[in-house]
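**Student:** First the structure, which I've put down as structure tokens, then a few questions once you've had a look.
The values are calculated or read from the model by the stated rules, or taken from the named source; none is laboratory data. It should be emphasised that the depicted structure is a prediction, and the values quoted were computed from it without experimental measurement. Neighbour counts are summed over all protein chains in view; Cβ atoms, including those assigned to glycine, are modelled from backbone coordinates with ideal geometry. These area figures cover heavy atoms from the full protein model, side chains too; ligands, DNA and RNA do not enter into them. Shrake-Rupley method; radii C 1.70, N 1.55, O 1.52, S 1.80 Å.
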Amino acid sequence: MEQELKDLKVELQKQGIFTTTLEELYNWGRKNSVWPLTFGLACCAIEMIATSMARYDIARFGAEVFRPSPRQADLMIVAGTVTKKMAPQVVRLYNQMPEPKYVIAMGACAISGGPFRDGYNVLKGIDRYVPVDVHIPGCPPRPEALLHAFMTLQKKIDAQQLRGEGRPRHLKADAPSEYPVPGYGAHNLEPMHNDDVFPPKPESPFKVLP
Amino acid sequence: MSRDLMMDATGNDERLAPTYGAGQHRLKAERESQILEVSIGPQHPSTHGVFRMDVKLDGERVVQLKPVFGYLHRNHEKIAENGSYLAAIPYTDRLDYLCSMTNNWGYTLAVETLAGITVPERAEYIRVIMAELTRFQNHAGLVGFLLQDMGASGTPLMYAFREREKILDLFEAVSGARMMCNYLRFGGVRVDCTPEWMKETRELVGVLPRFVDEFERLLRGNEILMARTQGVGVLPRELAVNAGVTGPMLRATGVNYDIRKVDRYGIYDRFKFRVPLGEHGDVYDRYMMRVLEMRESISILEQALKEIPEGPVQDPKTKLRGLRPKAGEAYGRIESPKGELGFYLISDGTMNPYRYRVRSPCLINLTILEDMCLGQSVADVVVTLGSVDIVMGEVDR
Amino acid sequence: MSAPELGAVGVDLSADALRALLVAAIEGCSVTVVENESPSGQRSLVLDHEHAVEAAIFLRDNSELRLDFCSNVTGVDWPDREVTEKVKVKKMVEGLEGATEQEVEETRKTLAPGYLEAVYHLFSMEKKHGPVILRLRTRDRAEGNHLPSLTPVWRSAEFQEREAFDLFGIVFDGHPDLRRILMWDEFADYPMRKDYVSPAEDEPVLDDGCLPGAEPGAEQGAADA
């Protein structure tokens, strides 16, 4: 059935008639205007800036509009080491972003603490507190890697359904869009992770794309 | 605007003040001076990373400014004390992540002082070439960011990054990485540069002056630049010396102190270059220091590329893995693009450094941030901070 | 760094010469020289607490020395350590011929008390020489962790002494603004001390090297459908 519909669409397009679904149109619009937050933490931020410059030109993907305020941003690129001192602020920024919002964990540090994993003040991965959509390995990842992550995110947005159980979080009325901000303790952050997002569960809507 | 409203705005004539609406509030706000506390950062587009300033404002004027650090404190020193001497080199890359080559040099120089290691001639030349390329791209980037802070959104930064990419390509060709080069070793450098690389570098150094010219043409005599920088964020000379300010920040106040000239580390005594000095110690002088130093770097690069000899690039007697320096201590320092970058090492005779300390120019140059900003407007704080040239990886380590 | 002992203008900056100068200039000042066996040969001076500030001002303002630039300030932790030494003691030993006095080797373990140390590297911007290295040592690592602050002499020590306070727990008396600088204010430990243990982290249990949900082919993403 689905295949027939697809074939029909292609046939119609050959005749100059463009058909689409609301879902497709909605996702197409969103995936091509993902505005990232101007938010750099460490070394990776420099590569993020390089990505936005003329040579790599992230504007090709409609994402050159770096917004300085989280209230205007769709995407948080966690570019660099998240320290324990910084983690509450990162979560707060994420909470301040309006839905639908996405997170790219850029670089080894944002994924797991990376080379600084042994440090007493280094958070071992931002996915302990906020859900991450795309992880990019590398120290720092090249601008091409960030572009690839970006395309992966676009694919992911493109595949979102508007109805049914698989619909994204921002279309579920009861799904949380804010996550608890950790507090500073005497020896460590309290709590040490958010049980809702970490460790990632199989039924989590945040799945790894092939 | 009617006469009534004008009087209202200045608040001179109480009789004419309207008895309702916004005007009344305006009158009130002007009469009672109110101290406003603002926390700028740690997430703010103009703080160059995760830097935070707790500012107290009287209207637009700054009456107090307390910098808050530690949002990128990733325990570099603790990690290095738990690893071997060789293992610390990749971590030094990530200190000042714009200048990995000079960071490597500071650390290797400290280890060489501690263990009495000599460096072959060719490696010394390669180090100078890498350090000056690093200095060039750092200063280009800084000038771009500084102008971005002033509102020149985009263009200067894009120019700077265009040149930076060319230099990063050279770094990548020789070390395999664009930013985190991990290239220098105690007793030399990791791999030799190929003749093709040298040729490419010579070609690039040939065109770099054109970039500086273009940059200067774009901005020299620019009225906005002058107005935003001259007389802003003035740093007195005595305070600069007492507060341990180093690098272009110090030289902008007129103190002739360049560690390349003072310590003559490496082979810097073989090159002819001038040390630019400022007069006023304001943001404009600091900006000009960077531009002039770019020209001097090109001159050093030209000389080094001409004179570089053939030969080995690594001292064969040096044990890279499992280096065990004799018990003792050493302090090694270099002139990094940001100032004096020092490494203090204490060895207890084992494979790990007993104490490993980074003397970060960025952190110490921030000591006098409050002194420079008091009495200025908030917009000038942003420009003053931009002219200090900080990288949070090095401030917080 | 090739000739750390001799300044550019020929001032004798060796530790012994400086010690003699300081002892002569400041009454009751006790200065000890710390040797350095490594090829760097950078020796240092330990100052006593009472005269440290006075000595620092002398080094800064002396017209020959003019050490106006305090470059590096850092803390070092020297924990309590067991010193084992072999000593020969005379002992009565019960032998075949009754008790006789004999020399016996004994290993004795003594506890050398630990201390915290602040190290200052001084240079001169005016005379272009250095380094001169000063050390201040605390009485112990617990309550006696106080040192006089040199921030009033060199402003550059301000943030670095705060850092030594934050990471090592050295309290600098006379510092204008001694707060934690890198860690948050509620933090209770001194992480750069040698006996610091970082808090246990909750690591996810990995059965087969993959996080649940990330096994290849286990849960296909929606894009496949």
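**Student:** Take the residues in region B:126-165 that are within 13 Å of chain A (Cβ to nearest Cβ) and aliphatic (A, V, I, L, M), then tell me which one is most open to solvent (accessible area, probe 1.4 Å).
**Tutor:** B:M158
**Student:** Same structure again: How about region B:33-76: which strands (runs of 3 or more DSSP E) wholly inside it have at least 3 residues that are in contact with a helix residue (DSSP H, G or I) (Cβ under 8 Å, 6 or more places away or on another chain)?
**Tutor:** B:52-58, B:61-68
**Student:** Here is a list of conditions, (1) of a type in the set (G, A, S); (2) assigned to a helix (DSSP H, G or I); (3) on the phi > 0 side of the Ramachandran plot, and A:A145 meets all of them except one; can you say which number that is?
**Tutor:** Of everything listed in (1) of a type in the set (G, A, S); (2) assigned to a helix (DSSP H, G or I); (3) on the phi > 0 side of the Ramachandran plot, A:A145 misses just condition (3).
**Student:** Next question, about the same structure. Quick one: in region B:50-78, of everything that is at the interface with chain A (Cβ under 10 Å from one of its Cβ atoms) and open to solvent by 20 Å² or more (accessible area, probe 1.4 Å), which residue is farthest from B:D371 (Cα to Cα)?
**Tutor:** Within region B:50-78, the match that is farthest from B:D371 (Cα to Cα) is B:K78.
**Student:** What residue, of B:F145, B:F136, B:F161, is under 19 Å from B:W197 (Cα atoms) and of a type in the set (F, W, Y)?
**Tutor:** Of B:F145, B:F136, B:F161, the one residue that is under 19 Å from B:W197 (Cα atoms) and of a type in the set (F, W, Y) is B:F136.
**Student:** Another question about this same structure. What is the one condition in (1) free of Cβ contacts under 8 Å to residues at least 12 places away in the same chain; (2) in a strand (DSSP E or B) that A:A173 does not satisfy?
**Tutor:** A:A173 satisfies every listed condition except (2).
**Student:** Pairs under 6 Å by beta carbon, first residue under 14 Å from A:P191 (Cα atoms) in region A:121-133, partner modelled with pLDDT under 90 and hydroxyl-bearing (S, T, Y), six or more apart or different chains?
**Tutor:** A:K124/A:S112; A:V130/A:Y179
Each row is one residue, and each column tells you yes or no for (1) among the charged types (D, E, K, R); (2) buried (at least 17 other Cβ atoms within 10 Å of the Cβ); (3) at pLDDT below 90.
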position	(1), (2), (3)
C:D140	yes, no, yes
C:E143	yes, no, yes
C:G169	no, yes, no
C:E201	yes, no, yes
C:P204	no, no, yes
C:D207	yes, no, yes
C:P212	no, yes, yes
C:A218	no, no, yes
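**Student:** Give the residue, chosen from C:V132, C:V153, that is facing another protein chain (nearest Cβ under 9 Å), more than 14 Å from the chain's Cα centre (by Cα) and closer than 21 Å to C:S30 by Cα.
**Tutor:** Unique residue meeting the criteria: C:V153.
**Student:** With the requirement that a residue be open to solvent by less than 10 Å² (accessible area, probe 1.4 Å) and of a type in the set (V, I, T), what does region A:85-125 give you?
**Tutor:** Hits for region A:85-125 are A:V90, A:V91, A:V103, A:I104, A:V122.
**Student:** Would you be able to say whether some residue in region A:72-84 is farther than 25 Å from B:I89 by Cα and open to solvent by 40 Å² or more (accessible area, probe 1.4 Å)?
**Tutor:** The answer is yes, given that some residue of region A:72-84 is farther than 25 Å from B:I89 by Cα and open to solvent by 40 Å² or more (accessible area, probe 1.4 Å).
**Student:** Do we have B:E172 as in a helix (DSSP H, G or I), open to solvent by 10 Å² or more (accessible area, probe 1.4 Å), acidic (D, E) and closer than 18 Å to B:L98 by Cα here?
**Tutor:** So B:E172 passes the test.
**Student:** To continue, here is another question. Against the definition (open to solvent by 20 Å² or more (accessible area, probe 1.4 Å) and more than 13 Å from every other protein chain (Cβ to nearest Cβ)), how does C:V197 come out, yes or no?
**Tutor:** No, not satisfied.
**Student:** Could you figure out which of (1) open to solvent by less than 10 Å² (accessible area, probe 1.4 Å); (2) part of a loop (DSSP other than H, G, I, E, B); (3) closer than 20 Å to B:E165 by Cα isn't true of B:V212?
**Tutor:** Unmet condition: (2).
**Student:** A further question follows. Would you be able to say whether some residue in region B:82-93 is outside any loop (DSSP other than H, G, I, E, B), under 18 Å from B:A330 (Cβ atoms), among the small types (G, A, S) and within 11 Å of chain C (Cβ to nearest Cβ)?
**Tutor:** no
**Student:** Which of the following residues is of a type in the set (V, I, T) and more than 20 Å from C:S44 (Cα to Cα): C:T74, C:T84? Write out each step before concluding.
**Tutor:** On the way: C:T74 fails: more than 20 Å from C:S44 (Cα to Cα).
The conditions single out C:T84.
**Student:** Right, here's the next one. Taking region A:126-152, which residues are within 18 Å of A:V197 (Cβ to Cβ) and either open to solvent by 10 Å² or more (accessible area, probe 1.4 Å) or away from chain B (no Cβ under 14 Å) (or both)?
**Tutor:** Correct list: A:D127, A:R128, A:Y129, A:V130, A:P131, A:V132, A:D133, A:V134, A:H135.
The rows are residues; the columns are (1) within 14 Å of chain B (Cβ to nearest Cβ); (2) open to solvent by 20 Å² or more (accessible area, probe 1.4 Å); (3) in contact (Cβ under 8 Å) with a residue 60 or more places away in the chain; (4) in a helix (DSSP H, G or I).
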residue	(1), (2), (3), (4)
A:G16	no, yes, no, no
A:T19	no, yes, no, no
A:N27	no, no, yes, yes
A:V34	no, no, yes, no
A:I46	yes, no, yes, yes
A:A50	yes, no, yes, yes
A:R60	no, yes, no, yes
A:V65	yes, yes, no, no
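**Student:** Could you check region B:56-78 and list, in sequence order, the residues that are under 23 Å from the mean Cα position of the chain (by Cα) and of a type in the set (A, V, I, L, M)? It would help to see each step written out before you state the result.
**Tutor:** Going through region B:56-78, the residues under 23 Å from the mean Cα position of the chain (by Cα) turn out to be B:65-77.
B:L65, B:V68, B:L72 - these are the residues of region B:56-78 that are under 23 Å from the mean Cα position of the chain (by Cα) and of a type in the set (A, V, I, L, M).
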